């Protein structure tokens, strides 16, 4: 099952939740997967969705990755 | 003077008649609570408060009431605590979510029997042998206003709700939209038609264009957080995120048998202090369930973390019939276990995440890539494995995997071209993205359930000295 996370194609297993798409996205981007639980996820309309939502309900989602603060 | 008096009297009579023609329907709805029993004392308070204002309040759930908290899902009658709490709140009806099937057909039938509310789903037909009391719709009298509530559930790519297929054997599922259209007669029969939908927000919006005879869709499944409700094609649509951060209070104003106003507001449940004390006591009772102290097996020796990891991987193999298994090291949440009973509570502590088991058909080479990917994304901790062992050498400069050898049970190199059925948990598979051919599939059982079943089947376990990894740093 494929969906776009922040315009990047992500493949997840059948039956996956949004959480798994976000985790795979972070892993593919080489980012810390522990970020996943602190992120807010939105559907294509800009509604907030939670990480437990079935990934099959979406063909694209958006997450805002916090930028590291300047030292 | 007399004329003025008569005019005022006539105005009052007109206002009274007008008020009699104007009625309101109030609905308190939730969706996808996923066993968030801790929110029920607050939900009960909100229900009590609204009922004091609107005695004919309808209380509905759009489904997925269970699956999310072992306190509920591992109860002696799985998911009974949620039913008991919903009975106490005074729910009128629930839709059938895909997770309602998580304790199979007989489990669902039993829960429905124990429910004081109706279970509504028009697009499923269970075999009579299950004695499953599911109705397509029910008409409720809300203070003289007839409200027809029609239930419907989403079907996945297999044509069944997203749960393990064996849990839906001998239940016939029908296309949701075609089925809903068969109930258009409810428009003639009722003042208000409400679709109690476990279809997801996008489907609700899409269907609204084809269902002008529906007044309101109380939705669930996609966990979409709306700001109360939205009007699409004249239909009010509501939905909230899972675990009950909010409930929705919808109001429909009916004048001269026509709905003249529809609105919805969300009511915060999380973090609020005023609660229904009876429900708080019930939640406390369920949370202190002695069933969690039940021994599943006896550990004949103390177990360290790697031995526990090996045991988890063995559970995946034994309970799913997989060829090979693996588990991220960070997912084993206890460091050790002493000799003695291993209880339900121990399993909940060891694997508290309620992850699904996922199967992937992959070659030995693809598996090696997944293990390395998992290592890189799990704080450079190599995953535990079952059905084979690993010899892994790290680059001392950056800790990356320099060399990885997979060995079968006889100590010979694993065939890297052969395809194996590999089982892991959903988190581990998600943090192991690779270019493998098979993306994998959830097998519809949680990993703590696999471990629980494995321990019960074993009775006694002894993992002393068991190693699945040889690491050269």
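Each value in this text was obtained by applying a stated rule to the coordinates, not by laboratory testing. Not measured: the values here are computed from a predicted model. With ideal geometry, Cβ positions are generated from the backbone for all residues, glycine too; neighbour counts draw on all protein chains shown.
Taking 14 Å as the cut-off, no amide N atom of region B:44-63 comes nearer than this to a point 7 Å along the Cα-to-beta-carbon line of residue B:87.
Using all pairs of distinct alpha-carbon atoms, the Kirkwood hydrodynamic radius of chain A works out to 12.2 angstrom.
Need one value for B:56-65: mean number of C-beta atoms belonging to other chains within 10 Å of its residues' C-beta atoms.
Details: counts 0, 0, 0, 0, 0, 0, 0, 0, 2, 0.
Across B:56-65, the average partner-chain Cβ count within 10 Å equals 0.
Quick check: the angle from helix B:364-377's long axis to the longest principal axis of chain B, C-alpha only, nearest 10 degrees? So the inclination is approximately 70 degrees.
Per residue of B:356-363, what is the mean number of Cβ atoms on other protein chains within 10 angstrom of that residue's Cβ? Could you put the intermediate results ahead of the total?
Details: counts 5, 0, 6, 2, 1, 0, 0, 0.
Counting other chains' Cβ atoms within 10 Å and averaging over B:356-363 gives 2.
The C-alpha atoms of region B:115-248 occupy a region whose extents along the principal axes are 38, 31, 30 Å, arranged from largest to smallest. Shape descriptor for region B:19-287: Rg over Rh equals 0.95 (Cα atoms; Rh from the Kirkwood inverse mean 1/r).
When the Debye formula is applied to the Cα atoms of region B:424-473, each taken as the same point scatterer, what base-10 log of I(q)/I(0) results at q = 0.15, 0.16, 0.23, 0.25 Å⁻¹? Scattering profile of region B:424-473, log10 relative to I(0): -0.71, -0.78, -0.99, -1.00.
When the scattering of the protein assembly as shown is computed by the Debye formula from its Cα atoms alone, each counted once and equally, what is log10 I(q)/I(0) at q = 0.07, 0.10, 0.11 Å⁻¹? With no solvent term, the Cα-only Debye profile gives -0.45, -0.85, -1.00.
Once R0 is set to 25 Å, what does the formula 1/(1 + (r/R0)^6) return for the Cβ-Cβ distance between residue A:40 and residue B:157, expressed as a FRET efficiency to the nearest 0.05? Numbers along the way, then the final one.
On the way: r = 28 Å, r/R0 = 1.13.
Working from the Cβ atoms, E equals 0.35.
Before anything else, pin down the relative contact order of region B:19-287: Cα pairs under 8 Å, at least 6 apart, normalised by residue count, whole percent. Don't skip to the answer; put the middle values down first.
Working: 632 pairs, mean separation 64.9, N = 269.
This gives 24 percent for region B:19-287.
Taking only the Cα atoms of chain B, the radius of gyration and Dmax are 27.1, 111 Å. An ellipsoid equivalent to region B:162-204, defined through the eigenvalues of its Cα gyration tensor, has semi-axes of 26, 14, 9 Å when rounded to whole angstrom and sorted largest first. Computed from the alpha carbon atoms alone, the convex hull of region B:294-472 holds 107 Å³ per residue.
Shielding of B:235-247 by partners, i.e. mean partner chain Cβ atoms within 10 Å per residue?
Details: counts 0, 0, 0, 0, 2, 2, 7, 6, 2, 0, 2, 0, 0.
Mean shielding count: 2.
Against the main long axis of the alpha-carbon atoms of chain B, helix B:447-458 sits at an angle near 60°.
Fully extending the segment from residue B:338 to residue B:438, taken as 0.36 nm per residue of separation minus the present Cα-Cα distance, adds 32.1 nm. Each 10 Å bin from 0 upward holds the following percent of the Cα-Cα pairs of region B:266-307: 19, 27, 22, 17, 15, 1.
Here, P(r) means the percent of Cα pairs in each 5 Å bin from 0 to the largest distance; for region B:207-366 it is 2, 7, 10, 11, 10, 10, 9, 10, 10, 9, 6, 4, 2, 1, 0, 0. According to the Cα-based calculation, Rg over Rh for region B:336-406 is 1.05, with Rh computed by the Kirkwood formula.
For region B:294-472, the antiparallel share of DSSP beta bridges with both residues in that region comes to about 75%.
Annotation: the antiparallel percentage among DSSP beta bridges lying fully within the protein assembly as shown is about 65. At q = 0.11, 0.22, 0.26 Å⁻¹, work out log10 I(q)/I(0) for region B:101-179 with the Debye formula, treating every Cα as an identical point scatterer and leaving solvent out; two decimals please. Ignoring solvent entirely, the Cα scatterers give -0.31, -1.06, -1.33.
DSSP bridge analysis restricted to chain B gives an antiparallel fraction near 65%, rounded to the nearest 5. Compared with the dominant principal axis of the Cα atoms in chain B, helix B:40-53 is inclined by about 0°.
How do B:21-31, B:330-340 rank on mean C-beta neighbours within 10 Å, highest first?
Working: B:21-31: 22.2, B:330-340: 14.8.
Per-residue mean Cβ counts within 10 Å order the peptides as B:21-31, B:330-340.
Using alpha carbon coordinates only, what is the Rg to Rh ratio of region B:193-239, with Rh defined as the Kirkwood radius? All intermediate terms of the calculation are to be shown ahead of the outcome.
On the way: Rg = 9.1 Å, Rh = 10.1 Å.
Value, to two decimals: 0.90.
Between the beta carbons of residue B:421 and residue B:470, assuming R0 = 25 Å, the FRET efficiency works out to 0.55 to the nearest 0.05.
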